[in-house]
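Peer 1: Attaching a single structure in structure tokens format; questions to follow.
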Amino acid sequence: MPCRTAILISGSGTNLQSFIDKVGDGTLDLDLCLVFSNKPGAFGLERARKAGIPTACIEHGDFDDRESFDRAVAAVIDEARPDLIVLAGFMRILSPWFVQYYEGRIVNIHPALLPKYPGLNTHQRVLDAGDEWHGSTVHFVTEELDGGPRILAGRLRVDPAETADELQHRVQTVEHQIYPQAAGLVGSGRVEFVNGETWIDGEVAEKPIVETFD
Ligand code: NHR
Ligand code: GAR
């Protein structure tokens, strides 16, 4: 039985599309049971509808605080009974309550080679620093923002002459390959979250799997 998977988005959903395409062509064995957005206009909701995946949306503006929003989101998610929650460009920081409720079952992709550059605006920060390598990292979500244990990173060489937009575009093509791959590893049980650490094939992983792209 494929792992039931809910995908949380806020925007265009190109990472979501990579999951839809790979499930569709049989190269990713997940059951996409829900796409949730905190923004009603998110284009990713259209992508989900077109693919026949159930959708839901709750706007955070209607709630007094983060946790009450998160409890409403969890109620909707639980109706879909997912085993795995995939954040794909989801732009709301999740409360400690939400993270603990789904402990070890939430993954995120962050556009940097973590632990470098947590937070926003990563591509410009990499260019400003003159780094040789950049990329994106899939990690389990914990209370520490972009700080949970890492699973898989995809890296590429930075061209010092490129713009932040060009670099972002290249990083996104890497994401569309590594995110379905990493989620598939979690969904199959080969990768697990145990006591705050990533385990790969039954052994604790001090470092993520790293793949190099050109
Ligand atoms: N929640 C927790 N608890 N831990 C993480 O590691 C999370 C998370 C929620 C989202 C994605 C993350 C990223 O990879 C993510 C990781 C949003 C913000 C943010 O500042 C920061 C990091 C990430 C996502 N959000 C603002 C907020 O007040 C809103 C910004 C906006 O709406 O544009 O929530 O980058
Ligand atoms: C991705 O590049 C992802 O790494 C990033 O947002 C983009 C979402 O694109 N995530 C964050 O910055 C999270 N704060 P998409 O909507 O086209 O998948």
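Computed from the coordinates by the stated procedures, all read-outs in this text should not be read as laboratory data. Just so it is clear, the structure is predicted and the values come from calculations on it, not from any experiment. Please note: Cβ atoms are built from the backbone with ideal geometry, for glycine as well, and neighbour counts cover all protein chains shown.
Peer 1: What list of ³J(HN,Hα) couplings, whole Hz, do you get for segment 64-79 from phi and the Karplus terms 6.51, -1.76, 1.60, once you set θ to phi - 60° and write x for glycine and proline?
Peer 2: Using θ = phi - 60°, the values come out as 6, 8, 4, 5, 5, 4, 4, 5, 5, 4, 5, 4, 5, 4, 5, 4 Hz.
Peer 1: What percent does the relative contact order of segment 69-214 come to when contacts are Cα pairs within less than 8 Å and at least six residues apart? Numbers along the way, then the final one.
Peer 2: On the way: 224 pairs, mean separation 31.0, N = 146.
Over segment 69-214, the number comes to 21 percent.
Peer 1: Using modelled backbone amide H atoms (1.01 Å from N, in-plane), which distant-in-sequence or interchain residues come within less than 5 Å of G147's amide H?
Peer 2: T142
Peer 1: Moving on to the next point. Which loop-located chymotrypsin sites (Phe, Trp or Tyr not before Pro) does segment 173-214 contain, where loop means any DSSP state but H, G, I, E or B and the Cβ has at most 15 other Cβ atoms within 10 Å? The partial results should precede the final answer.
Peer 2: Values: sites: F193, W199, F213; in loops: F213.
Qualifying residues, ordered by number: F213.
Peer 1: Oh, and also: Would you list, by chain and number, the lysines whose Cα falls below 19 Å from the Cα of K116, excluding same-chain residues fewer than 8 positions away?
Peer 2: Excluding near neighbours in sequence, the set is K207.
Peer 1: Show which aspartates and glutamates lie in cross-link reach of K39 when reach means a straight Cα distance below 20 angstrom and same-chain residues fewer than eight apart are skipped.
Peer 2: E59, D62, D64, D65, E67, D70, D78, E79
Peer 1: Another question, if that's okay. Could I have the simple spin-label model distance between D131 and D25, label points 7 Å from Cα toward Cβ, reported in nm to one decimal?
Peer 2: Distance between label points: 2.9 nm.
Peer 1: Apply the a/c threshold of 1.5 to the C-alpha gyration tensor of the chain and tell me whether it is rounded, prolate or oblate. Present the calculation step by step, with values, prior to reporting the outcome.
Peer 2: Numbers: a/c = 1.40, a/b = 1.29, b/c = 1.08.
Because its axes are fairly even, with a/c under 1.5, the chain counts as rounded.
Peer 1: In what order do M91, M1 fall by count of nearby beta-carbon atoms within 10 Å, going from fewest to most?
Peer 2: On the way: M91 14, M1 6.
Least crowded to most crowded, the residues run M1, M91.
Peer 1: Over the chain, with a Gaussian network built from C-alpha contacts below 10 Å, which listed residue (L156, L120, L94) shows the highest mean-square fluctuation?
Peer 2: Result: L120 has the largest fluctuation of those listed.
Peer 1: Could you work out [θ]222 nm for the chain from helices alone, using -39500 (n - 2.57) per DSSP H run of at least four and dividing by all its residues? Round to the nearest 500 deg cm²/dmol. Walk me through the numbers on the way to the answer.
Peer 2: Numbers: 6 runs with 71 residues, N = 214.
Counting only the DSSP helices, I get -10500 deg cm²/dmol.
Peer 1: A further question follows. For labels at I93 and T163 in the simple 7 Å Cα→Cβ model, what's the distance in nm?
Peer 2: Between I93 and T163, the simple spin-label model gives 3.1 nm.
Peer 1: Quick one: which residues, 5+ away or cross-chain, put their amide H under 5 Å from the amide H of I106? H built at 1.01 Å from N.
Peer 2: I85, V141
Peer 1: Peptides 14-20, 96-102: what's the order by average Cβ count within 10 Å, highest mean first?
Peer 2: Ranking, from highest mean packing down: 14-20, 96-102.
Peer 1: Apply the Kirkwood formula to segment 56-110: the hydrodynamic radius equals the inverse of the mean of 1/r over all pairs of different alpha-carbon atoms; give it in Å with one decimal.
Peer 2: Working: mean 1/r = 0.0848 Å⁻¹.
Taking the inverse mean of 1/r over all distinct Cα pairs, segment 56-110 comes out at 11.8 Å.
Peer 1: Here's something else I'd like to know. Excluding residues fewer than 8 places away in the same chain, name every one of the aspartates and glutamates whose C-alpha is closer than 13 Å to that of K50.
Peer 2: Excluding near neighbours in sequence, the set is D21.
Peer 1: Additional query: If you plug each phi of segment 131-139 into the Karplus form 6.51 cos²θ - 1.76 cosθ + 1.60 with θ = phi - 60°, what whole-Hz ³J(HN,Hα) values come out, in order, with x for Gly and Pro?
Peer 2: Whole-Hz 3J(HN,Hα) from phi for segment 131-139: 5, 7, 10, 9, x, 8, 10, 8, 9.
Peer 1: To make sure I understand, if each residue's beta carbon is the centre and we count other beta carbons within 10 Å, what order do R71, R81, R47 fall in, fewest to most?
Peer 2: Working: R71 14, R81 10, R47 22.
If I rank by nearby Cβ atoms, fewest first, I get R81, R71, R47.
Peer 1: So how much slack lies between K116 and I200, counting 0.36 nm per residue of separation and subtracting their Cα-Cα distance, in nm? Mind showing how you got there, number by number?
Peer 2: On the way: separation 84, 0.36 × 84 = 30.24 nm, distance 2.22 nm.
Stretched out fully, the K116 to I200 stretch lengthens by 28.0 nm.
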